[in-house]
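Taken together, the values in this text are just the output of simple stated rules run on the coordinates, not laboratory data. Note that this is a predicted model, so its numbers are computed, not measured. All Cβ positions, even for glycine, are placed from backbone atoms using ideal geometry, and neighbour counts span all protein chains on display.
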Amino acid sequence: MAKSVVCIPGQKLCRLSEENCNGNGTYVRNGYVYSSLAGYLCTQTVNDKVLVEVRSAKDQNIVPSVGAIVTAKITNVNPRFCKCLIQNVGQTQLREPFRGMIRKEDVRATEKDKVEMYNCFRPGDIIVAKVLSLGDAHSYILTTAENELGVVLATSDAGYTMVPISWCEMQCPHSLMKEQRKVAKVQQQYIEYADNKT
Amino acid sequence: MPIDTRRITGPETSQTPYSFCKEPEKKALLDENQERWDGRSHDQMRPTFLRAGVISQAKGSAYIELNKTKVICAVYGPREITRREEFSMKGQLTCEFKFATFSCQLRRQHQPDNQEKDLSIQLLEALEPAVCLHKFPKAQVNVYATVLENDGSALAAAITCASVALAYAGIEMYDLVLSASLRLAGDIVLLDPSENEEFKPQMDLQVNNGSLTVGYMPSLNQISALTSSGECQLDVLTKAIKLCIENCQKVYPVIQHCLMKSKNLEE
Amino acid sequence: MADIRLASACVRTADVNPNRQELDNLVTPGDIITSDTGFMRGHGTYMEDDRLHASVAGVVDRVNKLICVRPLKTRYHGEVGDVVVGRIIEVGQRRWKVDTHSKLDSILMLSSVNLPGGELRRRSEEDEKMMRHYLKEGDLISAEVQSLFMDGSLSLHTRSLKYGKLGQGTLVTVSPSLVKRRKTHFHNLPCGATIILGNNGYIWIAPISGEENEDSAGGGYEQNLEPVSRIDREVICRMRNCVLALSQNKMMLFDTSILYTYENSLKFSVSFSFF
Amino acid sequence: MADVLLSDAEKTFILHGIQDNLREDGRGCDDYRHMEIETDVVSNTSGSARLRLANTDVLVGVKAELGVPEPIKPNQGRLEFFVDCSANATPEFEGRGGEVLATEISTILSRAYDNPNALDLKSLSVIPGSQCWILYVDILLLECGGNLFDAASIAVKAALFSTKIPNVSVLKGDEGQMELEISDDPYDVKQLDISSCPCLVTLSKIGYFHVVDASQKEEACCLARVIMGITQTGLVTALKKEGSGSLDPESVFDMMETGKKVGEILGKNLTAVLKEEAALGKKRKLVGFLR
């Protein structure tokens, strides 16, 4: 990172005007942009406007937010929903997991009423999902109702990592047993991540 | 620290030898030349040492030293709220203020006593207005402040220290919270009182005898903590609050500098 | 500014209450109401050894052959068609939980409310996600009891333009037995305030809204947060205190009684408070 | 605390009302709700008082017991405050539910009384260094209708006013040890001088203005408040900011000014009423808990 200005919370950065807008790590009060983080000042031009941001050098204090792509591990499956632990938000690994939940109707986009939870997820699976809402006091509500979302990593009964063979099936490379899953059409960025993890 | 109720805490009736002193040593507030015992002028703070990032496991931490008053502070989170609470779009901040058992002249108990509970609430209420709680819905941030050695003005030190630790942890905040305390005794105003200068209720009868601690957000110009004890006239107290604010503004650049330096060191 | 009195110097409400004739048919639990077997057992009574006993403390009510005991102080017993005022306490899946001062929380289904953009519309998933946007925890609504569930909890609906989210105003809580059942529970009183006398004892007093723009884009969910004028506010304050005064003296609440009290209170200053 | 839920529109209504200096129940910003007070309501105590502030109901009992003085204050008696949030007030207080609130009230009360002028503690000393009177001030919250701090402090002051401590004579025993003889004559008692006991005044900041004696609904709209201990002569014996919000220095000074003004009047009115009650003597009609 280039040598840049260090800011601390409460520091006045600039006047909010037509030419600029404020991004992460800042807040606006009385027409001025202030820093809300201890970190480095970053400016970049987006849509002809100068985006003022403050970035922390440390891993960020991310909590799952609506619309974020998260990586989670299934812990519990029952006919109506399954529970999971959110391990990552985007690329950032969380220090401590958050509880999440996928309801039966949020598993896939079509033929929602034919969904059998146990044929979509099993405990131990690693999934990629999107945060639908903040849910109740207990857990976030997630969805996998997109092609790119679903199971990315699953272990067969024989104990081997399975390979996807269709959007709803995975196969164990040793026993050649097929198991049903809601498989994600994995994008490159997530594969890289999964490799790091195992 | 979790409270262990099964812990055996020595005999209940043990007493400190100081209470058996024939005549408790009564030191006057000021020496014969109306100077403070440690040689400071009346409106002079003790030299302050502050460093952020002293506990590697914590998300953020800070250590402050005002001569013999030493406070260490750690910040954890944001993490999931484990206790069952009602749904809230706001995050939660928790604070624990603890005197180490050996930090004061009299030994303190492991379990938080009323004073510590009160100070915990005051620390929380001082920091809460500064933290952007809406940035981490459903999650909590825990702040633990431990006084290692108490030589007066421990709450003020803890507030400053905790706000630096929060900022260092990368928790979004509207502003830093700085704190100052002072002692009023008649016409005398002593800034940043040490243990023997602090207000103790059994002292001689006079008006305007008390102490005051103010938590202040310099950039927002807001008071986030205010606490006084003892008996004072209103205008004296008003003046004292202004003095505390002035002092917070005076320290602000120093704290700012310290935080910037520790941020740079991280690279 | 700070009015302190001795408890012994204060007039007790019991001393001035002239309404004592009802004491004759006051019963306590276990009292025998009648040993005549010709009567039917209603609410608040039970049959034992061919005799009708009271199961609650209250006033005996007889309608033809039916004997009921009307409790003095009670939670609200819902009846279909009642107008109630309630407070949203939880947003759930396709339903809101509403506090209506009844024994169990009442339910307002997403399908039982008017949504923006016309009355007849399928409830989409989008609406489900927007539920907290329409009504969130703490919001007040006026509604009608649609039906009773098996366990006695109420199902409400707001499928008429007169029901829905309430705006600025003040809520007063009284015993449900003090609200007289009438044809209408919505009143625009001539003194300059709207009052909703919920059958459940929740009474809503609000300024009279200027124009009825209910069918605007907000669909009744957008609220007018403009300051209420001081004159309106005084009327609301006074009416609130009148309702409380009536309730403290156990007088029935309906538009006329409130209006009479209001008119009689005009000779006092408004800043007299019970609660 | 027993919090109430309010909708945004209700909050706005309350907020604008305060701007107009006309609150929901018709009060102005500096007005207290009506208070009813009665002392000597519990016979087993040395002094007691019950205060109703609208629907806030507080009962205070003071028990005087002989004990050992604290080593650092050998020639003084002491006051101990204890607050009990009864589950009668709200089921939320059940078990340990009211503990935080109870600690808060007792801490601020002991702080307000924690100065040498509030109460003459030296007069509570019996034998310096070994025996003194300890006044256990127990505060029972029977009903919560907002503004518990002020209500508790007023009731405490009234209860201390009615406290009667039996006179004690110290006799030299046979072997040089001290013996205490406690008078059992109900009129051979000493009373406390409460003229400089503080009352708490809570100022709640709502919008750009502040109010005294906030009702429960108003408390729900308030993010920051200042609690002050004020004596009849206008001295500040305790000051504390409370709540999750912060305050502008200027508004803090405004609030303190109002607090002082209101607190002085409150203290004077209370003393006047208590003297009136004491003057009634035996003619006093006991009301107790029937109302």
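Observations
- Charged-residue dipole, Cβ positions (Lys, Arg, Asp, Glu), region A:6-56 about Cα centre, Debye nearest 20: 200 debye
- Cα gyration tensor, region A:6-56 - rounded (a/c under 1.5), prolate or oblate: oblate
- All lysines inside 16 Å of residue B:90 as judged from Cα atoms, apart from same-chain residues fewer than 8 positions distant: B:135, B:138, C:136
- For region A:69-197: relative contact order, % (alpha-carbon pairs under 8 angstrom, 6 or more apart): 20 percent
- The residues neighbouring residue D:19, those whose beta-carbon lies less than 11 Å from its own, together hold a net charge of +2 under the Lys/Arg +1, Asp/Glu -1 convention.
- Residue mean of other protein chain beta carbons inside 10 Å, D:27-38: 5
- Prolate/oblate/rounded call for region B:43-266, Cα gyration tensor, a/c under 1.5 rounded: prolate
- Cβ neighbours within 10 Å from other chains - mean over B:112-122: 3
- Helix-only arithmetic for the protein assembly as shown: the sum of -39500 (n - 2.57) across DSSP H runs with n ≥ 4, divided by the residue total, places the mean residue ellipticity at 222 nm at -6000 deg cm²/dmol.
- Residues A:29, A:103, C:233, arranged from fewest to most other Cβ atoms within 10 angstrom of their Cβ, appear as A:29, A:103, C:233.
- Neighbour net charge for residue D:40 - beta-carbon separation under 10 angstrom, K R +1, D E -1: +1
- Alpha carbon convex hull of chain A, projected area averaged over orientations, nm²: 14.1 nm²
- Rg of the Cα atoms in chain C, relative to 2.2 N^0.38 Å, amounts to 1.15.
- Centroid-to-centroid separation of region B:202-243 and region D:135-197 [C-alpha atoms, Å]: 31 Å
- Taking Cα atoms only, the orientation of helix B:234-265 departs from the longest principal axis of chain B by about 50 degrees.
- Long-range amide H partners of residue A:94 with built H, under 5 Å: A:88, A:89
- Of the three principal axes defined by the Cα atoms of the protein assembly as shown, the extents in descending order read 102, 90, 60 Å.
- Average partner coverage of B:251-263, which counts Cβ from other chains inside 10 Å: 3
- Reach of residue B:68 by Cα under 20 Å, taken over lysines that are not fewer than 8 positions away in the same chain: B:27, B:98, B:200
- Chain D: DSSP helices with Cα axial extent of at least 18 Å and average Kyte-Doolittle hydropathy no lower than 0.5: D:99-113, D:148-162
- C-alpha long axis of helix A:188-197 to longest principal axis of chain A, angle in °: 80 degrees
- Panel order for A:107, C:172, by other beta carbons found within 10 Å of each beta carbon, from fewest to most: C:172, A:107.
- Sorted by Cβ density within 10 Å, fewest first, the residues B:110, C:133: C:133, B:110
- Contact order for region A:6-56, expressed relative to its length and based on alpha carbon pairs under 8 Å spaced 6+ residues apart, stands at 41 percent.
- C-alpha long axis of helix B:154-168 to longest principal axis of chain B, angle in °: 20 degrees
- Checking every one of the chymotrypsin sites (Phe, Trp or Tyr not before Pro) in region D:142-241 against DSSP loop status and a limit of 16 other Cβ atoms within 10 Å picks out D:187, D:208.
- Qualifying GluC sites (Glu not before Pro) for region D:104-202 [loop in DSSP, other Cβ within 10 Å: at most 16]: D:175
- Proximal lysine pairs, chain A, alpha carbons under 13 Å, eight or more residues apart or interchain: 8
- Sequence-distant contacts, meaning Cα pairs under 8 Å at least 6 residues apart, place the relative contact order of region B:131-229 at 26 percent.
- Stokes-Einstein diffusion coefficient of region D:8-283, Kirkwood radius over Cα pairs, 25 °C, 0.890 mPa s, in µm²/s: 124 µm²/s
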